[in-house]
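The values are calculated or read from the model by the stated rules, or taken from the named source; none is laboratory data. No experiment lies behind these values; they were computed from the predicted model shown. Every residue, glycine among them, receives a Cβ derived from its backbone with ideal geometry; neighbour counts consider all protein chains shown.
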Amino acid sequence: MTGLTHPTFLDAQAAARRLSGKAVRTPLLESPKVNDLVGGRILVKAESLQRTGSFKFRGAYNRIAQLNVAERQAGIVAYSGGNHAQGAAAAAQLLSVDAIILMPEDAPQIKIQRTKSYGARIIFYNRWTDDRDIIAARLIGNTGRTLVPSFDDPHIIAGQATVGLEISEQAHEMGVQPESVLVCCGGGGLTAGIGMVLKHLDPAIQIYSVEPDAFDDTRRSLLSGRREANSTGARSICDALLTQLGELTFSMNRRLLSGGITVSDQEVCRAMLVAFEELKLVLEPGGAVALAAVLSGKADVQGRTIVVVATGGNVDADLYCQSLVDGRRHEHAQ
């Protein structure tokens, strides 16, 4: 599959077979306290408990597992702020493939350390001034290495789509029919994959992207009908979501999504606190934005059954502790 070829439901099923025994079938959690807080039934898909601490392992493994013998021997290159870096490094290690990972200099230390622990070689770049595509192309050169994108690739999207397959299966096991699914969105690969699967199974279900306030290119792109950019001066604690919507992911999400929601960093901190206290989950900021949309009242949940995808839990201890303090402060200010 190349270019703008969209992955299909069959591709997601094939990815699920490849990932069987490799990826964790993460739980769909429910808290009566959270339900009471928001007035609806909230089911949290805990991808923070996935191998490497985020959903990114699914797509990376699905992509690297399909390399031929020569491609595996040549190795891979990937770039990421941390979660795809870990996913690609772990998948490459499992498949005995050499990995070079480009990471921004300001990536969380836990993500850098974990990526190294999987045997990958890390090259740093400045996310605000360097062009990672140019650096990656230079690294690949004539080496035969394969670029493993973080989201804008049909194999990657098909791997992430297995989250949607599990949501459908687990909701059925619980005897519930979700009306909406909220997905933390950066480049849009997970949103596209989940949307592709769940809309195939239930055309009436609504899929919403959730982004930090200053990085809402998906929301604005859905409204304008063209890919929008984020401001170069924008900042957020949600490091996992500081990227741009892709060409392929936009072409999928524009027909799959019912809309986009944005949340503030303060609302994210409160969601991290609630996840810790009520769900016993450690969420990184970028992994908590969908839950923040529910808790802040920005998503319509009254009397409805909503699935929230908690996408990752890789956060430095100092930032996590400060986020919980900030979350408590925001809670008291309400």
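Residues in the range 168-195 that are in contact (Cβ under 8 Å) with a residue 24 or more places away in the chain, out of contact with any helix residue (DSSP H, G or I) (no Cβ under 7 Å at 6 or more places or on another chain) and of a type outside the set (S, T, N, Q): ALA171, MET174, VAL176, GLU179. Annotation: of all residues in the range 153-177 being over 12 Å from LEU190 (Cα atoms) and among the β-branched types (Val, Ile, Thr), the one that is surrounded by the most Cβ atoms within 10 Å (Cβ to Cβ) is ILE167. In the range 123-140, of all residues being exposed (fewer than 14 other Cβ atoms within 10 Å of the Cβ) and under 18 Å from LEU242 (Cβ atoms), the one that is modelled with the lowest pLDDT corresponds to TRP128. Summed over the range 289-334, residues that are part of a loop (DSSP other than H, G, I, E, B) and charged (D, E, K, R) total 4. Residue count for the range 26-53, restricted to those that are surrounded by 15 or more Cβ atoms within 10 Å (Cβ to Cβ), touching an Asp or Glu at 6+ places or on another chain (Cβ under 6 Å) and either among the charged types (D, E, K, R) or assigned to a helix (DSSP H, G or I) (or both): 1. Taking the criterion of being more than 22 Å from the chain's Cα centre (by Cα), farther than 22 Å from SER231 by Cβ and part of a loop (DSSP other than H, G, I, E, B), the residues of the range 99-141 that qualify are GLY119, GLY141.
Evaluate the range 147-159: report whether one residue or more is among the polar types (S, T, N, Q) and modelled with pLDDT of 95 or more.
No, the conditions are met nowhere in the range 147-159.
The residue list LEU19, LEU10 contains one member that is within 24 Å of ASP152 (Cβ to Cβ), of a type in the set (A, V, I, L, M, F, W, C) and surrounded by fewer than 16 Cβ atoms within 10 Å (Cβ to Cβ), which is LEU10. When each of SER258, SER231, SER221 is tested for being hydroxyl-bearing (Ser, Thr, Tyr), farther than 28 Å from GLN170 by Cα and touching a strand residue (DSSP E or B) at 6+ places or on another chain (Cβ under 9 Å), the lone residue that passes is SER221.
Output yes when any residue across the range 68-90 is more than 27 Å from GLY144 (Cα to Cα) and hydrophobic (A, V, I, L, M, F, W, C), and no when none is. Checked against the condition, which is being more than 27 Å from GLY144 (Cα to Cα) and hydrophobic (A, V, I, L, M, F, W, C), the range 68-90 yields no hits at all.
Out of THR232, THR249, one residue alone is touching a residue at least 40 places away in the same chain (Cβ under 8 Å), hydroxyl-bearing (Ser, Thr, Tyr) and within 18 Å of GLY195 (Cβ to Cβ). It is THR249.
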